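For reference, the structure is listed below as structure tokens.
The values are calculated or read from the model by the stated rules, or taken from the named source; none is laboratory data. All values derive from a computational prediction rather than experimental measurement. We place every Cβ from the backbone using ideal geometry, glycine too, and count neighbours over all the protein chains shown. Just the protein is used for accessible areas: all its heavy atoms, side chains included, with ligands, DNA and RNA removed. Shrake-Rupley method; radii C 1.70, N 1.55, O 1.52, S 1.80 Å.
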Amino acid sequence: MRFLVVDDYESLSRRAALMLAGHVVVNPSVVLGLATGDSPLGMYRELVKLHHDYGLDFSSVRTFNLDEYCGLSPSHPQSYAHYMRQNFFTGVNLHPDNTHLLDGVAPDQFAECIRYEDEIKQAGGIDFQVLGIGRNGHIAFNEPGDHFQVRTGVFELAEATREANARFFERGDTVPTRALSVGIGTIMKAREILLVASGVEKAHALAASIFSPIDPALPASILKIHPNFTLLVDRAAARDLAERDLSAYQ
Ligand code: F6R
């Protein structure tokens, strides 16, 4: 595990974008695993800039998103499909056929999950996976539980997650109770994983994930055994990590 602390969200976003851009330059048809939410937003902004200002070429890059809310169609303004179009896909030269998301309104959700796993497999697996972390330690929509969900599936959202994500929804609109999400096994099979976290509200989950034993009650705790895992955080998110001796991780 590599542990990188930067000053603030801006530096974090630039650093994450450069790491991802490096993969695109080295392997133009790289397979990226992508997250949504606030954490990677600045990274997407930086990548759009790198495309416009320096010609970073996404024409052969393939992407797979982590998750989608059940019941939201790709055109719904709170869907992750909409988020990705708005914040990344339309700002770079990704080919629409190369961008993949779970379909939140698929008539058979279980078949949809199997289809998605197959597509990832056919693409050769994920080369570089970007993750955020929930305040309760969730990754993608793998919520704290009594076992790790290995494969892509239909997951119940924790109440804490629904509350945290209510900020993205209009008043009166309710946050869905379930989501389609890749599983922990699918995430752990990625060749490289980057987790980005900013802000003091992530400090506790991060420190617990790094220092506690691997535990499905804290899904992110499994990441520390991934052979190519980078934790990139700003100073605020590192608050509870900074008190410990992390020299072994740097
Ligand atoms: C989103 C996802 C979630 C978020 C997490 C943190 O695709 O997989 O696990 O990464 O909920 O969200 P933010 O970044 O909004 O704090």
Pairs please, first residue from the range 175-188 and over 7 Å from Y69 (Cα atoms), second anywhere and in a helix (DSSP H, G or I) and modelled with pLDDT of 95 or more, Cβ atoms under 7 Å, 6+ apart in sequence or on different chains. I184/P219; I184/I222; T186/E117; T186/I120; M188/I222
For the range 196-219, how many residues meet the condition of being among the β-branched types (V, I, T) and closer than 16 Å to E143 by Cα? 1
Residue in the range 71-117 that is nearest to S29 (Cα to Cα), counting only those that are open to solvent by 10 Å² or more (accessible area, probe 1.4 Å), within 16 Å of the ligand (Cβ to nearest atom) and in contact with a helix residue (DSSP H, G or I) (Cβ under 7 Å, 6 or more places away or on another chain): T99
Hey, can you tell me all the residues within the range 195-213 that are in contact with a strand residue (DSSP E or B) (Cβ under 7 Å, 6 or more places away or on another chain), touching a residue at least 60 places away in the same chain (Cβ under 8 Å) and more than 12 Å from the ligand (Cβ to nearest atom)? A208, S209
Matching strands (runs of 3 or more DSSP E) fully within the range 13-89 where at least 1 residues are modelled with pLDDT of 95 or more and hydroxyl-bearing (S, T, Y): 62-65, 67-69
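Scan G42, G91, G22 and give me the residue that is free of Cβ contacts under 8 Å to residues at least 12 places away in the same chain and of a type outside the set (A, V, I, L, M).
Values: G42 fails: free of Cβ contacts under 8 Å to residues at least 12 places away in the same chain; G91 fails: free of Cβ contacts under 8 Å to residues at least 12 places away in the same chain.
The match here is G22.
For the range 1-22: of the residues being more than 17 Å from K49 (Cβ to Cβ) and out of contact with any helix residue (DSSP H, G or I) (no Cβ under 9 Å at 6 or more places or on another chain), which is surrounded by the most Cβ atoms within 10 Å (Cβ to Cβ)?
So the first thing to find is which residues in the range 1-22 are more than 17 Å from K49 (Cβ to Cβ), and the list is 1-8.
Now narrow it down to the ones that are out of contact with any helix residue (DSSP H, G or I) (no Cβ under 9 Å at 6 or more places or on another chain): 7-8.
Numbers: D7: 10, D8: 12.
The residue in question is D8.
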Those residues of the range 15-46 which are within 16 Å of the ligand (Cβ to nearest atom) and of a type in the set (A, V, I, L, M) amount to A16, A17, L20, L32, L34, A35, L41, M43
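From the residues in the range 118-137 that are away from the ligand (no atom under 14 Å from the Cβ) and within 19 Å of Y44 (Cβ to Cβ), which one is least open to solvent (accessible area, probe 1.4 Å)? First the steps, then the outcome.
Step one: of the range 118-137, the residues away from the ligand (no atom under 14 Å from the Cβ) are 118-125, 127-128.
Next, only the ones that are within 19 Å of Y44 (Cβ to Cβ) stay: 127-128.
Values: D127: 32, F128: 0 Å².
Here the residue is F128.
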